[in-house]
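Beneath this line is the structure, given in structure tokens, with notes to follow.
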Amino acid sequence: MEYYDLGYTLMLVSILITLIAQIFVMISYSVYKKVKNNRGITGAEIAREILHKHALDNIYVTETRGYLSDHYDPTRKVIRLSKDVYNGTSVAAVSVAAHEVGHAIQDKEGYSFMKFRSAMFPIVNFSSKAGYVAILIGLLFGFTNLIWIGIGLEIIILLFQLVTLPVEFNASSRALSEIEKNDFLSKSERAGSKTVLTAAALTYVASVLTTLIEIFRLIIIARSDN
């Protein structure tokens, strides 16, 4: 019984970590979404300007639906920015747009962690689906071997998340560097930009922690069933 009590406690801790990270990024983004940058430049404009400076005019910058749905698609060479970022002139919009351009620059330079992460996508997609099924069936019917298989697949997901960390932190570092050296934002605005990007990066750290906790929780359950 103690094993299951600990398991439930770990699950609650995992949920709490995720909530705290999400709340932090939402608050940070909401605050600096209201702060207009002095130059009045939009996210789309800053993205295109940085791309041009790095001879990446072949990269398209388009508007996409959703809230904070911004991302760089390395297969189609497209930076997709949500409406608030694409058209926005806030410190948050500039920060997010510059971050996504950071990924495009990584792609151009053949950043090793990004290449490794891209190569892992097919394996991770399979692991996330198969792992969930294996764990669910294992827990429902008491098939311990299936739970251990699910744990193995969860470890693959953890590896992917660990590789993602340097990719995201590096993209944010590039974004802040571009913003500073090109004077896109004032000194006080750059502080806000750093807050937004740090908050976003911490969500990836939270993902690693929650996956670690979940693996530990599943190990406890699997061992208790032996």
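The values are calculated or read from the model by the stated rules, or taken from the named source; none is laboratory data. Note that this is a predicted model, so its numbers are computed, not measured. All accessible areas refer to the heavy atoms of the entire protein, side chains included, with ligands and DNA or RNA removed. Shrake-Rupley method; radii C 1.70, N 1.55, O 1.52, S 1.80 Å.
Using every alpha carbon pair in the range 118-218, what percent of pairs falls into each 10 Å bin from 0 up to the bin containing the largest distance?
P(r) over the range 118-218, rounded to whole percents: 15, 33, 23, 16, 9, 3, 0.
Based only on the alpha carbon positions, what is the Kirkwood hydrodynamic radius of the chain, in angstrom?
For the chain, inverting the mean 1/r across all distinct Cα pairs yields 19.0 Å.
Under a cut-off of 25 Å between alpha-carbon atoms, report the lysines in cross-link reach of Lys115, not counting same-chain residues fewer than 8 places apart.
Hits, sequence-local ones excluded: Lys53, Lys77, Lys129.
Round to a whole number: what % of the accessible area of the chain belongs to carbon and sulfur, probe 1.4 Å? Walk me through the intermediate numbers first.
Values: 7570 of 12040 Å².
C and S fraction of accessible area: 63 percent.
Please report, to one decimal in angstroms, the Kirkwood hydrodynamic radius of the range 40-144 built from all distinct Cα-Cα pairs.
15.5 Å
Relative to the longest principal axis of the C-alpha atoms of the chain, give the angle of the C-alpha long axis of helix 2-33, reported between 0 and 90° and rounded to the nearest 10°.
10 degrees
Given the C-alpha centroids of the range 24-43 and the range 183-226, what is the distance between them in whole angstrom?
21 Å
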